[in-house]
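K.L.:
First, the structure itself, so that you have it in front of you.
The values are calculated or read from the model by the stated rules, or taken from the named source; none is laboratory data. Keep in mind it's a predicted model, so treat the numbers as computed, not measured. No Cβ is skipped: glycine too gets one built from the backbone with ideal geometry, and neighbour counts run over all protein chains shown. Just so you know, the surface numbers come from the protein's heavy atoms only, side chains and all, with ligands and any DNA or RNA stripped out. Shrake-Rupley method; radii C 1.70, N 1.55, O 1.52, S 1.80 Å.
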Amino acid sequence: MIKQYQKMFRMEGVELEVREPALRAIASRALARKTGARGLRSILEQVLLDVMYDLPSQANLSRVIVDEATINNDGKPLLMFAEAAKVAAAHS
């Protein structure tokens, strides 16, 4: 499932990193909800939905990082942007 999301992000030129502690937190949350595999997808979707929606308009977004805090605190993933100079050079 993570590989599917990574592939979707790569199609937009963005790297998706889901850290190991985040994977454990997702699994723990799904087990607590007793939702199984559908719960795993639902949790990931909840975390990544806004980012995926904004992805095409984020020209200099280079990396999205999901960590344990993102999952446990219902937070937003960390967004890493390319340096403005690199983006400007690419458009020259």
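K.L.:
Please state which one of Ile2, Ile65 is at pLDDT 95 or above and either within 11 Å of the chain's Cα centre (by Cα) or β-branched (Val, Ile, Thr) (or both). Walk me through it before giving the result.
P.N.:
Working: Ile2 fails: at pLDDT 95 or above.
Residue meeting the stated conditions: Ile65.
K.L.:
Report, by residue number, each residue of the stretch 30-45 that is assigned to a helix (DSSP H, G or I), open to solvent by 50 Å² or more (accessible area, probe 1.4 Å) and either in contact with a strand residue (DSSP E or B) (Cβ under 6 Å, 6 or more places away or on another chain) or of a type outside the set (A, V, I, L, M) (or both).
P.N.:
Passing the criteria: Arg33, Arg38, Arg41, Ser42, Glu45.
K.L.:
Evaluate the following for Leu48: is it touching a residue at least 40 places away in the same chain (Cβ under 8 Å) and either surrounded by fewer than 15 Cβ atoms within 10 Å (Cβ to Cβ) or under 16 Å from Glu15 (Cα atoms) (or both)? Explain how you work it out, then say what you get.
P.N.:
Numbers: touching a residue at least 40 places away in the same chain (Cβ under 8 Å): yes; either surrounded by fewer than 15 Cβ atoms within 10 Å (Cβ to Cβ) or under 16 Å from Glu15 (Cα atoms) (or both): yes.
It is true that Leu48 is touching a residue at least 40 places away in the same chain (Cβ under 8 Å) and either surrounded by fewer than 15 Cβ atoms within 10 Å (Cβ to Cβ) or under 16 Å from Glu15 (Cα atoms) (or both).
K.L.:
Looking at the stretch 57-74, which of the residues that are open to solvent by less than 50 Å² (accessible area, probe 1.4 Å) and of a type in the set (Ser, Thr, Tyr) is farthest from Val47 (Cα to Cα)?
P.N.:
Among those that are open to solvent by less than 50 Å² (accessible area, probe 1.4 Å) and of a type in the set (Ser, Thr, Tyr), it is Ser62.
K.L.:
Kindly check whether there is at least one residue in the stretch 18-26 that is closer than 13 Å to Ala69 by Cα, at pLDDT 90 or above, out of contact with any His (no Cβ under 6 Å at 6 or more places or on another chain) and exposed (fewer than 12 other Cβ atoms within 10 Å of the Cβ).
P.N.:
Initially, the stretch 18-26 is screened for residues closer than 13 Å to Ala69 by Cα, giving 18-26.
From the residues that got through so far, the ones that are at pLDDT 90 or above too are 18-26.
Now restrict to residues that are out of contact with any His (no Cβ under 6 Å at 6 or more places or on another chain): 18-26.
In the following step, the residues that additionally are exposed (fewer than 12 other Cβ atoms within 10 Å of the Cβ) were identified as 20.
The answer is yes; a qualifying residue exists.
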